[in-house]
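I have placed the structure first, in the form of structure tokens, so that the comments after it can refer back to it.
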Amino acid sequence: MRPKKVLVPVNGSKVDEEAIRLSCRLAKKAGGKIYVAYVIQVDRTLPLDAEVRPEIERAQQVLEQAERIAEEEDCDVETDPLQAREIGPAVVDDAIERGVDLITIGISYEREFGEFSLGTIIPYVLKNAPCWVLICREPIPGEER
């Protein structure tokens, strides 16, 4: 697999950096670029284009950090904040719109009811993405090597 276009959805977690670095390395080998998207989830009580200032500012901070990481990796990057009702469908729609070859998703090691959980976004993306999906999960806390 030599992806020329890679989408990296981010949320400001510590695993974003590794997902971005990995995506840059993969895209650079193919002479491609990465797209980093931060999805602002808009409550159904608001219009979809509502200006949700704190979330917009957070998105800008996260995307600026993504640009710095890509610059360190000498990788061509485009960043976009997106507003949507649901994150999973927004990621899949963005991947389709951009015609990406790969989606790289960073995920923290989260437990729900004592068991590791993928949450709801990743299963949605895995089920509906029209391209390769790579999950970059952080090590289990306390078991890092």
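Identify, by number, the condition in (1) hydrophobic (A, V, I, L, M, F, W, C); (2) farther than 22 Å from Leu134 by Cα; (3) in a loop (DSSP other than H, G, I, E, B); (4) in contact (Cβ under 8 Å) with a residue 24 or more places away in the chain that Ile56 doesn't meet.
Unmet for Ile56, out of (1) hydrophobic (A, V, I, L, M, F, W, C); (2) farther than 22 Å from Leu134 by Cα; (3) in a loop (DSSP other than H, G, I, E, B); (4) in contact (Cβ under 8 Å) with a residue 24 or more places away in the chain: (3).
Take the residues of segment 65-83 that are acidic (Asp, Glu) and assigned to a loop (DSSP other than H, G, I, E, B): which is farthest from the chain's Cα centre (by Cα)? Full working, then the answer.
Of the residues in segment 65-83, the ones acidic (Asp, Glu) are 67, 71-74, 76, 78, 80.
Subset that is assigned to a loop (DSSP other than H, G, I, E, B): 73-74, 76.
Values: Glu73: 17, Asp74: 19, Asp76: 16 Å.
Selected residue: Asp74.
Which of the residues spanning segment 74-84 are farther than 30 Å from Thr45 by Cβ and surrounded by fewer than 17 Cβ atoms within 10 Å (Cβ to Cβ)?
Of segment 74-84, the ones farther than 30 Å from Thr45 by Cβ are 74-78.
The answer is Asp74, Asp76, Glu78.
Go through the residues of segment 31-41 one by one and say whether even a single one is over 21 Å from Ala95 (Cα atoms) and either modelled with pLDDT under 95 or among the basic types (Lys, Arg) (or both).
Of all residues in segment 31-41, those over 21 Å from Ala95 (Cα atoms) come to none.
No - not one qualifying residue is present in segment 31-41.
Applying the selection to segment 43-59, what residues are surrounded by 16 or more Cβ atoms within 10 Å (Cβ to Cβ), modelled with pLDDT of 95 or more and more than 16 Å from Leu7 (Cβ to Cβ)?
Across segment 43-59, the qualifying residue is only Arg58.
Of everything in segment 12-23, what is outside any helix (DSSP H, G or I) and in contact (Cβ under 8 Å) with a residue 60 or more places away in the chain? Give them in sequence order. Steps first, please.
Start the filter on segment 12-23 by keeping residues that are outside any helix (DSSP H, G or I), which leaves 12-14.
Selection gives Ser13, Lys14.
Check Ile121 against each of (1) among the β-branched types (Val, Ile, Thr); (2) in contact with a strand residue (DSSP E or B) (Cβ under 7 Å, 6 or more places away or on another chain); (3) within 17 Å of Ala19 (Cα to Cα) and name the one condition it does not meet.
In the conditions (1) among the β-branched types (Val, Ile, Thr); (2) in contact with a strand residue (DSSP E or B) (Cβ under 7 Å, 6 or more places away or on another chain); (3) within 17 Å of Ala19 (Cα to Cα), Ile121 misses (2) alone.
Test Val62 against the criterion of being in contact with a Gly (Cβ under 8 Å, 6 or more places away or on another chain) and either assigned to a helix (DSSP H, G or I) or surrounded by 13 or more Cβ atoms within 10 Å (Cβ to Cβ) (or both), and give yes or no. Walk me through it before giving the result.
Working: in contact with a Gly (Cβ under 8 Å, 6 or more places away or on another chain): yes; either assigned to a helix (DSSP H, G or I) or surrounded by 13 or more Cβ atoms within 10 Å (Cβ to Cβ) (or both): yes.
For Val62, the condition - in contact with a Gly (Cβ under 8 Å, 6 or more places away or on another chain) and either assigned to a helix (DSSP H, G or I) or surrounded by 13 or more Cβ atoms within 10 Å (Cβ to Cβ) (or both) - is met.
Output yes when any residue across segment 30-44 is out of contact with any helix residue (DSSP H, G or I) (no Cβ under 7 Å at 6 or more places or on another chain) and without any contact (Cβ under 8 Å) to a residue 12 or more places away in the chain, and no when none is.
Initial filter on segment 30-44 (out of contact with any helix residue (DSSP H, G or I) (no Cβ under 7 Å at 6 or more places or on another chain)): 30-32, 42-44.
This time we only want the ones that are without any contact (Cβ under 8 Å) to a residue 12 or more places away in the chain, so: 43.
Yes, that holds for at least one residue.
Just a yes or no: is a residue in segment 28-35 more than 15 Å from the chain's Cα centre (by Cα), surrounded by 14 or more Cβ atoms within 10 Å (Cβ to Cβ), assigned to a helix (DSSP H, G or I) and not acidic (Asp, Glu)? Before the answer, list the steps.
Residues of segment 28-35 more than 15 Å from the chain's Cα centre (by Cα): 28-32.
From what's left, surrounded by 14 or more Cβ atoms within 10 Å (Cβ to Cβ): 28, 30, 32.
Add one more test, that the residue is assigned to a helix (DSSP H, G or I), and what stays is 28.
The next check asks that each one be not acidic (Asp, Glu); those that pass are 28.
Yes, segment 28-35 contains at least one residue that is more than 15 Å from the chain's Cα centre (by Cα), surrounded by 14 or more Cβ atoms within 10 Å (Cβ to Cβ), assigned to a helix (DSSP H, G or I) and not acidic (Asp, Glu).
Within segment 85-108, does at least one residue satisfy the condition of being assigned to a helix (DSSP H, G or I), among the acidic types (Asp, Glu), touching a strand residue (DSSP E or B) at 6+ places or on another chain (Cβ under 7 Å) and within 26 Å of Asp43 (Cα to Cα)? It would help to see each step written out before you state the result.
We begin by selecting, within segment 85-108, every residue assigned to a helix (DSSP H, G or I); these are 87-98.
Those still in the list that are among the acidic types (Asp, Glu) too: 93-94, 97.
Then drop every residue that is not touching a strand residue (DSSP E or B) at 6+ places or on another chain (Cβ under 7 Å), which leaves 94.
Within this subset, residues satisfying the condition of being within 26 Å of Asp43 (Cα to Cα) are 94.
Yes - at least one qualifying residue is present in segment 85-108.
Given the structure, is Ile140 touching a residue at least 24 places away in the same chain (Cβ under 8 Å) and surrounded by 15 or more Cβ atoms within 10 Å (Cβ to Cβ)?
Working: touching a residue at least 24 places away in the same chain (Cβ under 8 Å): yes; surrounded by 15 or more Cβ atoms within 10 Å (Cβ to Cβ): no.
In short, no.
The values are calculated or read from the model by the stated rules, or taken from the named source; none is laboratory data. Being a predicted model, the structure only gives us computed values, none of them experimental. A quick note on method: Cβ atoms are made from the backbone with ideal geometry, for glycine too, and the neighbour counts reach across all protein chains shown.
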